[in-house]
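Novice: The structure that follows is given in the form of structure tokens.
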Amino acid sequence: MKKNNKIRNATSKVYKNIKFRSKLELFTYKEFEKAKIKSLYEQKKFVLMTGFHFTNGCVEPKKKGYMDITAKVRDITYTPDFVDPDGKWIVEVKGYANDVFPLKWKLFKNHLMENGDTYALFLPKNQKQVLETIELIKQIG
């Protein structure tokens, strides 16, 4: 099976000049179109933790060997698959989650709560759940 950017068993597809990371993401996009639901695909990034300089001693393996370094620790960010342009909901399509996803999902939920964001979150894992999600989103209005 084709591998695609850390997504297990995913096959990327291009539709309307948009590169989707999986067939399930493409299916979701097309179903949003059919239902006339506007969404932003991978366009909104959330910073879950701001990067920083770690100035304490830290010995880590690097390309040039095992060495003491002080380095910038990058932001931890999260980019959901589909976001409502009006800020009502977020859909993360997840057929197979990688090892990092459960932790990032928890950090993301915490980020939303701490920042007073009131998005309704949806996590469909198959086509049937995508269709159910669309019906729920229609009820949100």
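The values are calculated or read from the model by the stated rules, or taken from the named source; none is laboratory data. These numbers were taken from a predicted model, which means no experiment stands behind them. Cβ placement follows ideal geometry from the backbone for every residue including glycine, while neighbour counts extend to all protein chains displayed.
Novice: Kindly indicate which of T77, T50 is over 25 Å from A35 (Cα atoms), under 16 Å from the mean Cα position of the chain (by Cα) and among the β-branched types (V, I, T).
Specialist: T77
Novice: Restricting attention to the stretch 113-122, which residues are among the hydrophobic types (A, V, I, L, M, F, W, C) and surrounded by fewer than 15 Cβ atoms within 10 Å (Cβ to Cβ)? Talk me through it step by step, then tell me what you get.
Specialist: So the first thing to find is which residues in the stretch 113-122 are among the hydrophobic types (A, V, I, L, M, F, W, C), and the list is 113, 120-122.
Listed by number, the residues that qualify are M113, A120, L121.
Novice: Right, another one. With respect to E25, is the statement that it is acidic (D, E), within 16 Å of E92 (Cα to Cα), modelled with pLDDT of 90 or more and more than 17 Å from the chain's Cα centre (by Cα) true? Before the answer, list the steps.
Specialist: Values: acidic (D, E): yes; within 16 Å of E92 (Cα to Cα): yes; modelled with pLDDT of 90 or more: yes; more than 17 Å from the chain's Cα centre (by Cα): no.
In short, no.
Novice: Considering only residues that are assigned to a helix (DSSP H, G or I) and out of contact with any strand residue (DSSP E or B) (no Cβ under 8 Å at 6 or more places or on another chain), look in the stretch 82-104 and name the one that is surrounded by the most Cβ atoms within 10 Å (Cβ to Cβ). Outline the logic, then answer.
Specialist: Pass one, the stretch 82-104, residues assigned to a helix (DSSP H, G or I): 101-104.
In the following step, the residues that additionally are out of contact with any strand residue (DSSP E or B) (no Cβ under 8 Å at 6 or more places or on another chain) were identified as 101-103.
Working: F101: 17, P102: 10, L103: 11.
Checking each candidate, the answer is F101.
Novice: Could you list, in sequence order, the residues of the stretch 84-123 that are on the phi > 0 side of the Ramachandran plot and free of Cβ contacts under 8 Å to residues at least 12 places away in the same chain?
Specialist: G116
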